[in-house]
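Reading through the structure tokens given below for one structure.
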Amino acid sequence: MPGQQQPGWPQQPPPAPPRGGNTAFVVIAAVGAAGVGIFWGVLGLIGLLHENEPDTAPELVDVMMRQTGGDPGTLSLLANLQEWARFLPFAAFLAGAVLLLSKKVAGVLVVGLAALLGVAPLVLNVVYLNYWGFTGVGVDGVQVTALVLGVAVAILAVLPPVMGALRGTPQQPGPARPGTGYGPPAPGYGPPQPGYGPPQGQGPPPGYGPPAGYGPPPTGQGPPQQGYGPPRQ
């Protein structure tokens, strides 16, 4: 009957409850990561387009290096490093945004790494200015803004709605094959189909039944013949 469980074939286990997640938060985190990455990329381009003092004023560099005891080659190296370091968070944030849109949990780790890489340009900028001879110089406010935005995006990426959506909902098991113990039996199992068994309304075909010599004695058989029975006294 419908609704009754067939013996020997247990029903499928109930699906696990879906994990809490929101795809919209994943998109927001990915867009935020891409935006911060572009921010860092623009800062890097501005630094490359702007010529450094070691290239534009070599005489001034010689004077400052004689006063501080520094090396002009080292100063030029620090100037290039603090500019190219801005492209590290740029590339990492863009890679994290792509992974988040692909719903990869690794995107959260990459975004967190990108936020940490945002510290490198600030530190190198301070080292460069101090080596130049400008003591007591603070960090660049624009780069600090980019760093704070990157940390905010990294925090957003680890929130439960984002993590739940990245991990996804467990897939429900499909119909199992016969013999696995789940799902209804495959075609060919269960009650016999029409056409099997003895024909309805007819007796057994000729040749079937108990063989001759078995069963009750035939009708009309009298007492046993002489010589059979209990012994005489």
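What's the number of the only condition in (1) more than 27 Å from the chain's Cα centre (by Cα); (2) at pLDDT below 90; (3) of a type in the set (S, T, N, Q) that Q171 fails to meet?
Here Q171 clears every test but (1).
Taking into account only those residues within the range 105-153 that are under 22 Å from I28 (Cα atoms) and assigned to a loop (DSSP other than H, G, I, E, B), which is farthest from the chain's Cα centre (by Cα)?
Filtering first and then ranking leaves G118.
If a residue must be assigned to a loop (DSSP other than H, G, I, E, B) and either more than 14 Å from T23 (Cα to Cα) or touching a residue at least 60 places away in the same chain (Cβ under 8 Å) (or both), how many such residues does the range 95-104 contain?
2
What single numbered condition from (1) of a type outside the set (A, V, I, L, M, F, W, C); (2) over 25 Å from L48 (Cα atoms); (3) exposed (fewer than 15 other Cβ atoms within 10 Å of the Cβ) fails to hold for P161?
The number of the failed condition is (3).
Could you run through the range 53-83 and say how many residues are under 19 Å from V123 (Cα atoms) and in contact with an Asp or Glu (Cβ under 8 Å, 6 or more places away or on another chain)?
Qualifying residue count for the region: 2.
Quick one: in the range 66-94, of everything that is without any contact (Cβ under 8 Å) to a residue 60 or more places away in the chain, in a helix (DSSP H, G or I) and among the aliphatic types (A, V, I, L, M), which residue is farthest from A154 (Cα to Cα)?
Taking the candidates together, the pick is L75.
The values are calculated or read from the model by the stated rules, or taken from the named source; none is laboratory data. Keep in mind it's a predicted model, so treat the numbers as computed, not measured. For neighbour counting, all protein chains shown are included, and Cβ atoms are generated from backbone atoms with ideal geometry for every residue, glycine included.
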